[in-house]
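A.B. asks: Encoded as structure tokens, here's the structure I'll be asking about.
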Amino acid sequence: MPDAPTPPDLARLRIRRDTPSTAAPRRRVWPFVLLAVAVVAVAAVALRPRTTEVAVGSVSVSAAGGGGGSISANGYVVARTKASVSAKIAGRLVSLGVREGSQVRSGQIIARIESSIYVAALNAAKADAQRADVERVQARRDFDRATTLAAQDVLSRAELDATQTRADAAAAAVATARAQVELARANLENTNVRAPFDGTVLRKDAEVGEIVAPSAAGGGLTRTAIVTMADLRTLEVEVDVNEAYIAQIRNGQDAGVTLDAYPDTSFRARVRQIVPTADRQKATVQVKVSILDRDPRILPEMGAKVVFLREAPKDAAAARPQVLVPSAAVARDGASTRVWIVQDAKLVRRDVVLGRERGDQFEVREGLDGAESVVLNPPATLKDGQRVRVRATAG
């Protein structure tokens, strides 16, 4: 009879509490990792350079004396010498040797019109002129022979006059044929489109393969202008000045020009012309101001502000230019007075010494040179070197 199975020894079964569990600590690590990531993210946001949005105004310069601030007006940069260049004859554009920004000289060929017909017309005119010249030579010989025979009483006077008439007609035919040659040559030359003056190509108005025509003959799908060019040495600003202030502006008066694209830079300028008529709708008079500084950043059609400088007084001590700053840009801290200027999208603190108040502006005796951009109504939290973004202001 087989042995009975040995029953399990239940006394040996026990829970070992001295062996640590590894699962629980692993689960407890994740909250600490997430907390550390959150701390790093918050620190990164806190330490990231902040960009503050500010409104700015302009510092202006005026000549001393006379009372009141400088007269300013807004307008646009234009080129006094500008042209839309078109062909003198109609035809297909077969060559265009310039592009936007190309510098061209007066008389330089910038485009060509298809010329095969005009070449053939010139060759035909030359052949007609050559034939007319041969006929003229023969008619002259006939006249010389008739003159000899008439002297010998062999030829009548009437026949002599007839040969002279034929010789004169042949000479006239030669002149006509030569004129036709010059006309054909001029037509062929008109297939070359030349620059009317030294300048810069601003825009291409036609492409190779298109039909172009003189401005007076243009219509439908026909192009009239091939390129638009201007002499950038003749750049000026056209502004509309309120007629109430036009008496304070004269030809030759010094001025300063600030471009909307470069508000931190001022260019020297001078009044070239006061247009002798007013705009009754706007109650303004147009003034043209030549830009004296040559700078490649100045481009036609840019927005610009012109500040007309007042006459310098005869007293040399009083002739020092006066710098004017908007009152809203001035910040006071106890005995110190300062303004914040914007340079390269960063704030720079400037301590200033103010003079007398002029309406909504202060004279600045020390601290500013003029044409700076200053922060209007600066918050007390601004710091030197802080990055800022200029906010557009109404008006």
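The values are calculated or read from the model by the stated rules, or taken from the named source; none is laboratory data. Keep in mind that this is a model prediction, so the values were computed, not measured. Because the Cβ atoms are built from the backbone with ideal geometry, glycine has one as well, and the counts that use them run over all protein chains shown.
A.B. asks: Could you tell me which residue of the range 334-382 is nearest to Val323 (Cα to Cα), considering only residues that are surrounded by fewer than 11 Cβ atoms within 10 Å (Cβ to Cβ) and over 34 Å from the mean Cα position of the chain (by Cα)?
C.D. replies: Arg356
Residue-wise test of (1) in contact with a helix residue (DSSP H, G or I) (Cβ under 6 Å, 6 or more places away or on another chain); (2) exposed (fewer than 15 other Cβ atoms within 10 Å of the Cβ).
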| site | (1), (2) |
| --- | --- |
| Ala167 | yes, no |
| Asn187 | yes, no |
| Val201 | no, no |
| Gly209 | no, yes |
| Glu236 | no, no |
| Ile246 | no, no |
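A.B. asks: While we're looking at this one, here's another question. Considering (1) of a type outside the set (Gly, Ala, Ser); (2) free of Cβ contacts under 8 Å to residues at least 40 places away in the same chain; (3) under 18 Å from Val78 (Cβ atoms), say which one Pro276 fails and leave the rest.
C.D. replies: (3)
A.B. asks: Could you say whether any residue in the range 212-219 is touching a helix residue (DSSP H, G or I) at 6+ places or on another chain (Cβ under 8 Å) and modelled with pLDDT of 90 or more? Working first, answer last.
C.D. replies: As a first pass, look at the range 212-219 and keep what is touching a helix residue (DSSP H, G or I) at 6+ places or on another chain (Cβ under 8 Å): none.
No, because not a single residue in the range 212-219 is touching a helix residue (DSSP H, G or I) at 6+ places or on another chain (Cβ under 8 Å) and modelled with pLDDT of 90 or more.
A.B. asks: Starting from the range 194-212, keep only residues that are under 17 Å from Leu299 (Cβ atoms), then list their pairs with residues that are of a type in the set (Val, Ile, Thr) and assigned to a strand (DSSP E or B) whose Cβ atoms are within a distance under 6 Å, requiring at least 6 positions of separation or different chains.
C.D. replies: Pairs found: Val201/Val227; Leu202/Thr228; Arg203/Thr228; Lys204/Val227.
A.B. asks: With the requirement that a residue be closer than 14 Å to Ala304 by Cα and part of a loop (DSSP other than H, G, I, E, B), what does the range 230-283 give you?
C.D. replies: Hits for the range 230-283 are Asp260, Ala261.
A.B. asks: Select, from Gly101, Gly91, Gly75, the only residue that is touching a residue at least 12 places away in the same chain (Cβ under 8 Å), within 18 Å of the chain's Cα centre (by Cα) and surrounded by 14 or more Cβ atoms within 10 Å (Cβ to Cβ).
C.D. replies: On the way: Gly101 fails: surrounded by 14 or more Cβ atoms within 10 Å (Cβ to Cβ); Gly91 fails: within 18 Å of the chain's Cα centre (by Cα).
Selected residue: Gly75, the only one of Gly101, Gly91, Gly75 that is touching a residue at least 12 places away in the same chain (Cβ under 8 Å), within 18 Å of the chain's Cα centre (by Cα) and surrounded by 14 or more Cβ atoms within 10 Å (Cβ to Cβ).
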